[in-house]
Structure formats: structure tokens, C-alpha cells
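In what follows, a structure is listed as C-alpha cells, so that the remarks can point back to it.
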Amino acid sequence: MTTVSMTVNGRTVSGQCEDRTLLVQFIRENLGLTGTHVGCDTSQCGACVVHVDGKAVKSCTMLAAQANGSEVMTIEGLASGGDLHPVQAAFREHHGLQCGFCTPGMIMSAVDMINRYGGQLDEKTVRAELEGNICRCTGYHNIVKAILDAASKMGDGARVAAE
Amino acid sequence: MGMEGIGARVERKEDKRFITGKGRYTDDMVVPGMKHAHFVRSPHAHASIRNIDTSTAMKMPGVIGVLAGDELASDGIGSLICGWMIHSKDGSPMNMGDWRPLAQTKVRYVGDAVAVVVADTKAQARDAAEAVIVDYDVLPAVTEAVDALKDGAPLIHDNAPGNLIYDWEIGDSAAVDAAIAGAAHVTRLDLVNNRLVPNAMEPRAALGHYDEGEDHYTCWTTSQNPHVARLVMSAFYNVAPENKLRVIAPDVGGGFGSKIYIYPEEIVCLWASKKTGVPVKWVADRTESFLTDAHGRDHVTTIQMAFDADNKMLAVKADTIANLGAYMSLFSSVVPTFLHAILYSGQYVIPAIHCNMRTVYTNTAPVDAYRGAGRPETTFALERVVETAARELGISPAELRRKNYIREFPYQTPVILCYDSGNYEASLDAAMTAADYNGFPGRKAEAEARGMKRGIGMSSYIEACGIAPSAAVGSLGAGVGLWESAEVRVNAVGTIEVLTGSHSHGQGHETTFAQLVAQRFGVGIDSVSIVHGDTDKVQMGMGTYGSRSGAVGMSAVVKALDKVEAKAKKIAAHLMEADEADIVIEGGQVKVAGTDKALGWHEVSLNAYTAHNLPDGMEPGLKEGAFFDPTNFSFPAGCHICEVEVDPETGKTEIVQFVAADDFGNIINPMVVEGQVHGGVAQGIGQALLEGTHYDPETGQLLTASYMDYTMPRADDLPGYTVSNTVTPATTNPLGIKGCGEAGAIGAPPAVINAITDAIGNNDLAMPATPQRVWAALRSAQ
Ligand code: FES
Ligand code: FES
């Protein structure tokens, strides 16, 4: 057993876990933050994407111990107060989700993508960047629309804010 | 149409929780004292079990129990069944082999459950499962249906000689043979409809909780139809009587058919909870899902279509073998028969039709309904043969279809179905216009100048949805009725709860069902709650599949709303001393037409509950229930057009446009309907281009058991879609809805393959049309 500590959604947390515990298990089981999902065993589906120190990471590819001392943001920490993040709002407005299972990971990847590209995103880039996020419900059409719309609304401001 | 009523593009109410990470899926559920299960599964495709030794595993850290099949059997837990009886053409009943929730004497596919370990943590359960020693006597295995029928093939179930489950037929064989013999032209194709793994993103899961004090069981599970799960687990598997068993399907992360069935794991978790005295949770990992979720498709078909000298269709003859895997899953028998064979008229006037269907056991995962269920298989065969015939006859595929479309309704096909309404030419025209079909030669020439091969293909699909009426399906062998139920409860303050048996796992019922109420009473959808997925709250339901939630589930809500409206009007007429016939309800007000007399909706509801001043003899309250059993299937139809570019150097196909023009009858929320089409088309394109399920033919190992090996469609594999609707309302339900959930998966595969074969000039191309296959087909055509 190891003790790990990290900041999750702005709160300092610590917990006991086995050395082999994955970050996603720590988030879901120790912290009870079940918005981060597990959809595969091989780090392909992206349902588990969170931000670690400002970068999108598949939380199933990382041990909880490796995140010791890091700043982690999960889907639960994205909205500020009662206000949805623009990417969350765009997913709802453009019907970018159906069953909702891939959605937290999709949104966290999308935020990261917009942070990196700012207003420079186009459809081809969004589709290529989503390579690591699988959705079985939507056929991606409306996810792509939502991300492009959020990117244009956030514009370059998003990039600045992330830096 | 109001802002939130029928036809409005209303944003989904359920989205708030999903986009903020507050969805509640089965794996998110925690019950005090809960422990974790891991299943010991067969690593062999076919083997006898000599012995199961659990002694080492029992001593492992954290282990609470290790349970195997003998114990389950001695506790009286029943075998899994197929709920639809099909008889072979010789009159004999289908050969249903025994499917134990935990195998006792023999395993029949890789992944067959043998034992279960319950431990404090998931990791401990998994570790201990490794230590369960099962002594197997490995037997030869067979994975392909065609091979399983051959002499000398390994026998999988003793009561199914030759591995044959049934040999069934429909239609007039003699008339079809005569038409083919006398035809001016016959087109024949040999086709494989590739096996698919449904791959809902949420893996299957179950949490079983036995409460000793109450002698009562609760099961949280990833189900599309919790009531059917309760019914089947009670009536057939002896888990517990219905009044002692509550099944909850909370948020469910996609189903596509694979979560209709009752699997061994939920039965075992409930039973194990009683045995061990702790709540038991099991969550599949992805490879377990690949191995044990019911797969889809896997047909081998020879189809022939006969034409007269005027290019009119004379007959269709289909001969199919369907692989049902190692055991008969809940609805596996009906998919190849009454969801497949009776669709062979397509959108066409075809005087003679015959389909022969043999279903077969193999040492593979069970095969059952996957999005479209039988209808994609029919449509693929039919629309491939029509397009091929047009090429052989030298006429345009659109003209050949146009010439043969059904134009008068109702239309009785030669194979049971009677189509109530449709306008197939309208969707063909809409799709051709949207795709600029006539501009294709110019685009092809331009592509050729760049060294690319461009092709265009279409499909005109029809499906039978709603899956009803109950008496009809009963006469065809169904073990259940296929109605739906609803209850509308108006609270004293005027807010409304709608209880429905239609489970929502992505379809947006919490919004679209509320739109019906908004339309009816002019109340906002925020004051309407849709309750589903819990057998303790909703009395009964048949669940969500076969595009039936709109046509059947919503119709039950409409019937209940009728009753509520009638009672509310009586109360209002009494209170306002007006004639009941003059009462109108709109904008949240209950008014006397032609006067300024009005009551708020909430005033009427409050009066219903205070009951101080009700009409003579009226019971208090404002709550009504209804069942709806339609008089026929509904028949969504449409036309899909796909345009591709193939790189002749690599064989890689790019879809440059995909157009869908669908007739779903009336539409409640266009945004949600478009989403259903997008998702269905993506799965159809996945089948056509990417998704293949491969078992090693010798060992029966599933070679495509992870996302590293099975190609799921990614965003960069797919195009944007151009979707539109034409409308002919259904005549068999009060809303005129036909259904939209499966159309994309049905219409897309033949459109894609028709386009690629057009581009490469070779008709012989198997799905998935991988670059390697396309490249090889292109070479052999040159
Ligand atoms: S669960 Fe992490 S990528 Fe699938
Ligand atoms: S919304 Fe269901 S998997 Fe993406």
C-alpha cells in the first residue's frame, strides 16, 4: 500500500492504494468521482481522459502513484460554479452526446485540444485529434460540430488562458 | 408546434448530468458492504470439464467465496433460454441446447463462465480467479457456420445433430423456381454478412444485493429492458419470485441490442450475493465484453433475383446459413427468421419470394440482435443484388429501383408483412438531389485526373419496427407480448411524472417523452419528469429495441394522456360550471372556449387531490395508466447514397459524401432523430469498411478481442453526414411515428459497398472492405 496525495479539482486529497492502482481507479474508487469512466483495457477508448498538470491524459495509462503531487482536473471540476464550461455547453447545444458514457473523456480531450490549437481548429484537425476517443453512439458528426463551435466561441482567449 | 412540443428541436434534459460527470451508471453504484466478482472463464473453445479445484483460490487474500456450477444447479437456478420458438420446415421444434449460467460438464466457447470468485477488491478477485484450477479435456472446435454443418464437424450440443438448430423456410419455393427458370435475366450473388461486436462503450455490469431481512433481491444492471430481465429471471431462472426481485437499469452507456438479453453474470451475482451474504458487483473488462456480449450478423447467403424482359422483378430467392454461436441467446431464433426473411420484398413489388434459413451452433460467442437485427442482413443482400442487376442490365440503379417500387398502400408482400404507408420515390429523389447524383460523372472525371477511382452507390432500405402486435408475434412463436405501458401521474401542484417501460440509454426519452406532455397541456418540459428503468417504480414494460420506443412506448403515453386529459376536463367543467365539451387545455391553462373563464393547470390538479369539489361519484386524484399494443409493425424506409474515392495505390477508401433521406413518419424531436441516423450510419460504415470479428478456425480463440485488434470507427474514419426526411405518417399508432433507431445501420452497408464496387469495377468484395481487400479486388479486375 502507498499513500498518494494530489490536488483534484482544486482540493488537496490523499489516499491509500495498492502500488498497482491506476489513476482512474483512484479517482473513481478512492475519491468517488465517477464521472471519469473506463471503457477499455488497452488505453484506446478515451473514456477516462482527465487533465494532469494541464495536459489531457488517459487516466488508465498512469498509476495513481505517478500522479502524486500533481494537479488533476476531472470532468466534475470543469464547470465553474453553476456555469458550464463552453465545451460542455456546446456538447449539449449540438447534441454531441447520446448515452453519455464517452462524454466526459470527449469533453476533457476537447478542452485540451482547444487549449492547444486555440481558434486554429478545423474539422480535419478535430477528427484527427479525436483518434484516441471512441464514441459508439453519435457517429462523431455532432461532437465535431460542438468542438468547432466551442473553439470559435473561446477563440484565442482559450489559448492565452491555458498558458 | 410549441417551443417544446412535438416537432421542436429541444435540447436534452438529461445532458446536464452527463456533461458534468454526474451520470449514474451501474459501475458507479456503491452499496455498503459491497464486494467484487471476477469470473473464471474457459480459455478453450470446446472442452469437457473433468474437475474444478477451488481450494487454493479459497485461501487467497480477501476471498469471500468461490462458487461453481454444481452448487448453482443444486440451488435450483435454471438454464438460460431462447424466448422465441421456431419450428423447422419438417415441423420439429428448434434444437435448443442447455446453457448453464456456470458450465458444469462442458464449455462451448472461449469465455464460457465456469466459476465466480467474490473478494474484497476487484484485484483480489482477479488474482484468486487465476488460482482456480479447471481440468479440461480439450475437444475439436468449429467456428464457421458452414463448417459446423459439414459431416464430421465437432458436435456442440447432443440434442442438435449436425449442429443444426433449425432448417426453416418462408414463401413459395415452387413459384420462385418457376419464375427464375422463365426469367429474362437472373442476378446471383454469394455474400457474407460479417460478424460484428456491438461494443456499447459502457461494458456490461451487474450488482446483485440480497437483503436477508426482507428476503428480497435488488439487481442494478446494464439492461435495455429491466422488466423483461426481472420476468425472465423469475419465471425461468428461479432467481426469485417477481415480488422479491427489483431490477434497476440506471444510466446505461449504449446497448445497440447487446443489453437486451439476460446473461449469466446478473443471475450469478444475485445468487452469489445470497450465498456469500454480501452485495456482489461485477463489471466486464473490454476483452470480456468482446468474448461474451452477444455478437451480431454472421450470415452466409446466396441470393438470386429474377427479372422479366421489361426489367420488372419477378422473384427473389435467398438461401442463408446463420451462425448463432455456442448457445441460443434470448431472441437469437427470431432474428434470422421474422426479423430477416420476411423483409425480402424490400421496397419492391416482387410477386414471388422464398427464403430458406438454417441456423447453426458453433464454438463462438452467442449471436443475437445487434442494431437492425436481421434487417441489415436482408437489406445488404437485396440492395447489393439490385445494384448489381442494374449494372448487368446496363440501366441506372435509380431507374431500376424506380421501376419496381411499391406505389400503392397498404401493400401485402408475399412474406407476411403488410406495409401500411410509404413513398419510396420521394426519398430516392430527395437523396439524389442532396447528393447531386446527376453531377457524379463530372466528379468522377475530376477524380480520375488525380489518379483516384471514384464511385457512387445507393440503397433503398425498408425495415419493420415496433415489433408488434402481441397476438401476431405470439402466433409466430414469441414467448412475450410486445406492447408497451405508461402511467401519467399529475401531482397536486400540477407537475407531471410519466412512467414508461421504454428504457433510455442514449435515445433521449427524458426529453422527447416530456415533449408529448408539453404539447398536450402546454406545460414546460421542466415540470415533467420521465421515470424509467426501475421495476419498483414502473409496473411493467417491454423495453427499448427494434426502434419501438416512439411507435409503441410513446403511444402508450399518449393513451394515458388521453385519459388524464378527459378527467381534467371533467373536473374543470364542474369547477367552472361549463360544458365538458367546451373545455380546452393550452398554455398551462384550462379554459372554457369562447369565454374568459380559465383555471391554471395546477388549480385543476390541486382540486383533483383536495377532492373538496369534484363531480358526483368521481374518484380523487389525477393519475392514469395505459397499455398500447399496435395493430401492425411500422415501416420506416429511405434511400442512402454513398460516394467514395479509392486510392488505387493503397486500396484505401475515403467516403467523400454520405446522404441519408429517411421516412420515419412523424418526428418528435428532429435533433434527436438526426443523432440516431448519424450513429446508425457510423455503425453501418463501420461494418462496411472496418469491423471484422475473427476467430481462429483451429483453436476458436477470438483474435479480435480488444480495441487494438477490432477496428472501431474513429472520428477520422468517418465523414460528416447529410441527412433529411420525407414524411408519410404511420397509420398504426396515434402519433404516426415509424421509428428511427436502426435505419442508419441498415441502409449504410450496401450503399458503401455499392459505391466501392462501382469505383473499382469489381463486384466481388467482402466486408469489411479493408484497403487490402479493395486493393486485391481492384487488381483482379484489371
Ligand atoms: S479506459 Fe482509458 S482509454 Fe479506455
Ligand atoms: S455518447 Fe454513447 S458512446 Fe458516445
Segment B:620-633 - residue that is closer than 17 Å to B:Glu487 by Cα and part of a loop (DSSP other than H, G, I, E, B) and, of those, modelled with the lowest pLDDT: B:Asp629
Condition check for B:Val723: touching a helix residue (DSSP H, G or I) at 6+ places or on another chain (Cβ under 7 Å), among the aliphatic types (A, V, I, L, M) and more than 24 Å from B:Ala373 (Cβ to Cβ): no
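Let's see how each residue does on (1) within 30 Å of the chain's Cα centre (by Cα); (2) part of a strand (DSSP E or B):
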{"residue": "B:Ile156", "(1), (2)": "yes, no"}
{"residue": "B:Asn159", "(1), (2)": "yes, no"}
{"residue": "B:Ala174", "(1), (2)": "no, no"}
{"residue": "B:Asp177", "(1), (2)": "no, no"}
{"residue": "B:Ile180", "(1), (2)": "no, no"}
{"residue": "B:Thr187", "(1), (2)": "no, yes"}
Of residues in segment B:707-719 being buried (at least 17 other Cβ atoms within 10 Å of the Cβ) and in contact with a helix residue (DSSP H, G or I) (Cβ under 6 Å, 6 or more places away or on another chain), the one nearest to B:Pro366 (Cα to Cα): B:Pro713
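Residues of segment A:1-29 being β-branched (Val, Ile, Thr), within 16 Å of ligand 1 (Cβ to nearest atom) and either surrounded by fewer than 21 Cβ atoms within 10 Å (Cβ to Cβ) or within 19 Å of the chain's Cα centre (by Cα) (or both), which ones? Show your work before the answer.
Of all residues in segment A:1-29, those β-branched (Val, Ile, Thr) come to A:2-4, A:7-8, A:12-13, A:21, A:24, A:27.
Keeping just the survivors that are within 16 Å of ligand 1 (Cβ to nearest atom) gives A:21, A:24, A:27.
Scanning segment A:1-29 gives A:Val24, A:Ile27.
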Output for segment A:43-70, where each listed residue is polar (S, T, N, Q), more than 12 Å from every other protein chain (Cβ to nearest Cβ) and touching a residue at least 60 places away in the same chain (Cβ under 8 Å): A:Asn68, A:Ser70
Subset of segment A:1-43 that is hydroxyl-bearing (Ser, Thr, Tyr) and touching an Asp or Glu at 6+ places or on another chain (Cβ under 6 Å) - its residue that is nearest to ligand 2 (Cβ to nearest atom): A:Thr34
Answer residue from segment B:206-219, given it is in contact with a Ser or Thr (Cβ under 7 Å, 6 or more places away or on another chain) and crowded, with 24+ Cβ neighbours inside 10 Å and is nearest to B:Glu392 (Cα to Cα) among those: B:Ala206
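Residue-by-condition table, conditions (1) away from chain A (no Cβ under 14 Å); (2) closer than 23 Å to B:Ala240 by Cα; (3) surrounded by 17 or more Cβ atoms within 10 Å (Cβ to Cβ); (4) without any contact (Cβ under 8 Å) to a residue 40 or more places away in the chain:
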| position | (1), (2), (3), (4) |
| --- | --- |
| B:Ile19 | no, no, yes, yes |
| B:Thr26 | no, yes, yes, no |
| B:Met29 | no, yes, yes, no |
| B:His46 | yes, no, yes, no |
| B:Lys59 | yes, no, no, yes |
| B:Ile77 | yes, yes, yes, no |
| B:Ser88 | yes, no, yes, no |
Members of segment B:481-493 found to be within 20 Å of B:Ile81 (Cα to Cα) and crowded, with 17+ Cβ neighbours inside 10 Å, listed by number: B:Leu482
Total residues in segment B:189-238, condition closer than 27 Å to B:Met540 by Cβ, outside any loop (DSSP other than H, G, I, E, B) and under 26 Å from the mean Cα position of the chain (by Cα): 18
Hits in segment B:683-709 - residues which are within 10 Å of chain A (Cβ to nearest Cβ) and within 18 Å of B:Asn193 (Cα to Cα): B:Gln683, B:Gly684, B:Ile685, B:Gly686
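Would you please name the residue that is farthest from the other protein chains (Cβ to nearest Cβ), looking only at residues in segment B:270-305 that are away from ligand 1 (no atom under 16 Å from the Cβ) and in a loop (DSSP other than H, G, I, E, B)? Step through it out loud before you land on a result.
At the first step, the residues of segment B:270-305 found to be away from ligand 1 (no atom under 16 Å from the Cβ) are B:270-282, B:291-305.
Subsequent filtering for residues that are in a loop (DSSP other than H, G, I, E, B) retains B:277-279, B:293-294, B:297-298.
Details: B:Gly277: 22, B:Val278: 17, B:Pro279: 15, B:Asp293: 12, B:Ala294: 15, B:Arg297: 16, B:Asp298: 19 Å.
Here the residue is B:Gly277.
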Selection from segment A:125-163 of residues that are away from ligand 1 (no atom under 16 Å from the Cβ), at pLDDT 90 or above and of a type in the set (Gly, Ala, Ser): A:Ala128, A:Gly139, A:Ala146, A:Ala150, A:Ala151, A:Ser152
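Listed here are the residues, each with its yes/no results for (1) within 15 Å of ligand 2 (Cβ to nearest atom); (2) buried (at least 20 other Cβ atoms within 10 Å of the Cβ); (3) in contact (Cβ under 8 Å) with a residue 60 or more places away in the chain.
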| residue | (1), (2), (3) |
| --- | --- |
| A:Val72 | no, yes, yes |
| A:His85 | no, yes, no |
| A:Gln88 | yes, yes, no |
| A:His95 | yes, yes, no |
| A:Cys102 | yes, yes, yes |
| A:Met106 | yes, yes, yes |
| A:Val111 | no, yes, yes |
| A:Gly118 | no, no, no |
| A:Glu123 | no, no, no |
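Out of all the residues in segment B:207-229, is one or more farther than 30 Å from A:Met106 by Cβ and in contact with a Gly (Cβ under 6 Å, 6 or more places away or on another chain)? Reasoning before the result, please.
Pass one, segment B:207-229, residues farther than 30 Å from A:Met106 by Cβ: B:208-218, B:227-228.
Filter once more, so that each one left must be in contact with a Gly (Cβ under 6 Å, 6 or more places away or on another chain): B:227-228.
Yes, segment B:207-229 contains at least one residue that is farther than 30 Å from A:Met106 by Cβ and in contact with a Gly (Cβ under 6 Å, 6 or more places away or on another chain).
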Exclusive hit being assigned by TED's automatic domain parsing to the domain that holds B:Asn225, of a type outside the set (Val, Ile, Thr) and in contact (Cβ under 8 Å) with a residue 60 or more places away in the chain, set B:Ala179, B:Ala129: B:Ala129
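Take B:Phe256 and tell me if it is within 16 Å of ligand 1 (Cβ to nearest atom), surrounded by 22 or more Cβ atoms within 10 Å (Cβ to Cβ) and within 14 Å of another protein chain (Cβ to nearest Cβ).
Details: within 16 Å of ligand 1 (Cβ to nearest atom): no; surrounded by 22 or more Cβ atoms within 10 Å (Cβ to Cβ): yes; within 14 Å of another protein chain (Cβ to nearest Cβ): yes.
The answer is no for B:Phe256.
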Search result, residues across segment B:178-219 that are more than 16 Å from ligand 2 (Cβ to nearest atom), charged (D, E, K, R) and within 30 Å of B:Asp251 (Cβ to Cβ): B:Arg195, B:Asp211, B:Glu212, B:Glu214, B:Asp215
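Take segment A:30-51 and flag every residue that is of a type in the set (A, V, I, L, M, F, W, C) and either more than 25 Å from A:Ala128 (Cβ to Cβ) or away from ligand 1 (no atom under 13 Å from the Cβ) (or both). First the steps, then the outcome.
We begin by selecting, within segment A:30-51, every residue of a type in the set (A, V, I, L, M, F, W, C); these are A:31, A:33, A:38, A:40, A:45, A:47-50.
Result: A:Leu31, A:Leu33.
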Residue count, segment A:71-84 (criterion: within 15 Å of ligand 1 (Cβ to nearest atom) and either at positive phi or more than 12 Å from chain B (Cβ to nearest Cβ) (or both)): 1
Number of the condition not met by B:Ala235 [criteria: (1) free of Cβ contacts under 8 Å to residues at least 40 places away in the same chain; (2) of a type in the set (A, V, I, L, M, F, W, C); (3) crowded, with 21+ Cβ neighbours inside 10 Å]: (3)
Residue check, B:Val31 farther than 30 Å from B:Val334 by Cβ, modelled with pLDDT of 95 or more and touching a Pro at 6+ places or on another chain (Cβ under 6 Å): yes
Test: residue in segment B:667-682 that is within 14 Å of another protein chain (Cβ to nearest Cβ), free of Cβ contacts under 8 Å to residues at least 60 places away in the same chain and not in a loop (DSSP other than H, G, I, E, B): yes
Residues being within 28 Å of the chain's Cα centre (by Cα) and either outside any strand (DSSP E or B) or of a type outside the set (Phe, Trp, Tyr) (or both) - total across segment B:392-419: 11
Search result, residues across segment B:566-597 that are surrounded by fewer than 18 Cβ atoms within 10 Å (Cβ to Cβ) and within 46 Å of the chain's Cα centre (by Cα): B:Ala566, B:Lys570, B:Glu580, B:Ala581, B:Asp582, B:Val584, B:Glu586, B:Gly587, B:Gly588, B:Gln589, B:Ala593
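The values are calculated or read from the model by the stated rules, or taken from the named source; none is laboratory data. Quantities reported herein were computed from a predicted structural model and do not represent experimental measurements. With ideal geometry, Cβ positions are generated from the backbone for all residues, glycine too; neighbour counts draw on all protein chains shown.
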